[in-house]
1. Compute the label-point distances linking B:E10 to its equivalents in the other copies; points lie 7 Å from Cα along Cα→Cβ; give nm, one decimal, shortest first.
2. For a quick check: with amide H placed at 1.01 Å from N, whose amide H comes under 5 Å from A:V68's, ignoring anything fewer than 5 positions away on the same chain?
3. Using a label position 7 Å from Cα in the Cα→Cβ direction, what is the ascending list of nm distances from A:R175 to the same site in the other copies?
4. Could you work out how far helix A:196-211 tilts from the main Cα principal axis of chain A, as a 0 to 90 degree angle to the nearest 10?
5. Kirkwood Rh over Cα pairs of the protein assembly as shown into Stokes-Einstein at 4 °C, 1.567 mPa s: D in µm²/s?
6. Of all beta bridges DSSP finds with both residues in the protein assembly as shown, what is the antiparallel percent, to the nearest 5?
7. How many times 2.2 N^0.38 Å is the alpha carbon radius of gyration of chain B?
8. Please give every one of the lysines within straight-line cross-link reach of A:K272, meaning a C-alpha to C-alpha distance under 28 Å, and leave out same-chain neighbours fewer than 8 residues apart.
2 protein chains.
Amino acid sequence: MKRKKPTIHEVAARAGVGLGTVSRVLNNHPAVRPETRVRVLRAIEELGYTPNPHARRIAGGRSYTVSVLLPFVATEFYRRLIEGVEGVLLEKRYDLALFPILSQARLKRYLESTTLAYLTDGLILASYDLTEHFEGGRLPTDRPVVLVDAKSPRYDSVYLDNHLGGRLAGEYLARFPGAIFAIKVEEEPDKAFRHTVFSERMAGFLEALAAQGRPFPKEHLFVTRLSPEGGRLALRYFLEKASPPLNVFAGADQVALGVLEEAERLGLTPGKEVRVLGFDGHPFAEEVGLSTIAQPVEAMGARAAQLLLERMEGYKGPPREVRFEPLLIERASTATPPSAPYVP
Amino acid sequence: MKRKKPTIHEVAARAGVGLGTVSRVLNNHPAVRPETRVRVLRAIEELGYTPNPHARRIAGGRSYTVSVLLPFVATEFYRRLIEGVEGVLLEKRYDLALFPILSQARLKRYLESTTLAYLTDGLILASYDLTEHFEGGRLPTDRPVVLVDAKSPRYDSVYLDNHLGGRLAGEYLARFPGAIFAIKVEEEPDKAFRHTVFSERMAGFLEALAAQGRPFPKEHLFVTRLSPEGGRLALRYFLEKASPPLNVFAGADQVALGVLEEAERLGLTPGKEVRVLGFDGHPFAEEVGLSTIAQPVEAMGARAAQLLLERMEGYKGPPREVRFEPLLIERASTATPPSAPYVP
DNA sequence: AAGTTTCCATGAAGCGCTTCCACAAGCCAT
DNA sequence: ATGGCTTGTGGAAGCGCTTCATGGAAACTT
């Protein structure tokens, strides 16, 4: 039933080559003649051979694994981020270990644990505010670290310019007739994560309105958690303040979705009586025709992985910053602009 | 700086014993004289030795690792579950690999991957509906599997009697004056997970009301997602249907929290004008004085781990079912019962 | 033509552990 | 005392891989 797995020896025998050659083929070492490489690859294929990662780790003295620490929050953002990271790592025959941060205690335990020491050559930390939680903003590890969706003077950082995204939103919505409203997503109560992204978005948004000379009364802002129901509550609140048409910057697609739902329930036409603009570029935004400020999340993940691999291969330069720019995608939820098609 | 880690050889030398003896101490093998064991343990302590898990895995031919597959949803439920699992595994020197199921595609890829083959001796699958997604409700793996927060005729299952929990809720709330309302948490849209727990709770709840001869009009039910904002929307909706006092079964603590928030905003006293009963036994329930139907989640996790270890050690019996019972915890949100203290 | 360099390939050594056979020492019953 | 047990202990063998010293053959030199 459970046939023993073939080893590198069998592959070598079958291909009629030495052990070392098989290993070199596996590791993409250049010094292998093309014909030989093909012979080995064929043998691997025929035997259904897969290298034993533990043997590799113990012989190589490395773990060939990158850990991604991320908030234990179910969002498309993290799914896409990991997709991006994984793509790059697979090419280099690296494994990915996901570490959802369920609690502060678990994180610290993990960083001090044997697991990390033996199972990680490098770390990617997502959306996490280091300065809040670690002395000097420095993780207690000697492995290379790259931050994503976060910034730090200590480590390479990959992030989206959320402020710019907010500005795009403001400039765009200001073009429409009707009152302007905004929903701000609340920060995490435990402050574990850097949810300043939402504040940044809002700051950019307000700045853009101010630049256009559009006033924004305080009571046009609604604060809620990251959930569609928050959007529904918000729209009901907004409708007490002004009559349609309304222009709503929802701060996040998840919330925008709720605004759309509630508009439908109330018989208001999206893109006409209620214009909604989200943020994130969530896959469902396309499905429901939600305009949004999209972030290139996969690309951000891939870039983070690249930076980390460079560090793991010995690069020693000062911390690098990679800033990504968001892109406004116009869909039915904001319909067509008043006059000509929108050109920023 | 990065001093080389001590190995089992150094430990053996320092303790003045053989290699095998150190290994035996590490693995709790009985045939070691107590004095010897102490000597070895002291040497380990002094050297700060930690065994290399990869070496262990390759020599032992096993991975000494259990994978927990769980929905990528941030709830206390999963945090507590893992806590319970981990406690049992640590004792047996097993590692825990968390695998948040970000998508169906990822799960299937994972199950067919080398990672699983080399990194897992057993699987714990949480809240996952197998029959929906796998031919014959059987996972494509030869490793032992235990389900938790789910049931299956194929595998050992550990779960809470949600129906009973709902019944407890119904019997309890029926004792109070005022109208009865309930919130049902919506199932996942992608049906990936077995969220029938919420239906079961509601079924038990309605059954209890019926048994007491209490009618429950359809419009007293509000359906929403698992978020506090859902609770807030629900309470506003309920207040359109009846005037206080109201008795609300919220279906989940997270939702109950929103009901409490909104009650406060509207100036209604919890436990008097609005009685709220949650479900889960979330830690914050205690903080905010929320009555709830508590589940022993840690214990469920621990039990699942035990069942799995037994399977991994060769136990061959038919699938086992372990049913846990919830417990009603009375707090300020339902105040004191009308007459005597509540005794079920 | 002989020497030098480059290119490929080999397989032993070694990574840090578990397992298992061998053996020593102590114990008991004869 | 002798022969069996039992209980502890030592260390060689081996897990599947990477690395590296070694060397043969081909491709350049001069």
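1. Here the equivalent label points are 3.8 nm apart from this one.
2. It is A:A97, A:L98, A:F99, A:I124, by chain and number.
3. 6.3
4. 40 degrees
5. Rounded, D is 46 µm²/s.
6. Restricted to the protein assembly as shown, the bridges split so that about 10 percent are antiparallel.
7. Rounded to two decimals, the normalised Rg is 1.24.
8. A:K184, A:K218, A:K241
The values are calculated or read from the model by the stated rules, or taken from the named source; none is laboratory data. For clarity, every value in this text was computed on a predicted model and none was experimentally measured. Counting neighbours? That spans all protein chains shown, and the Cβs are built from the backbone with ideal geometry, glycine included. Accessible surface is based on the protein model in full, side chains and every heavy atom, while ligands, DNA and RNA are left aside. Shrake-Rupley method; radii C 1.70, N 1.55, O 1.52, S 1.80 Å.
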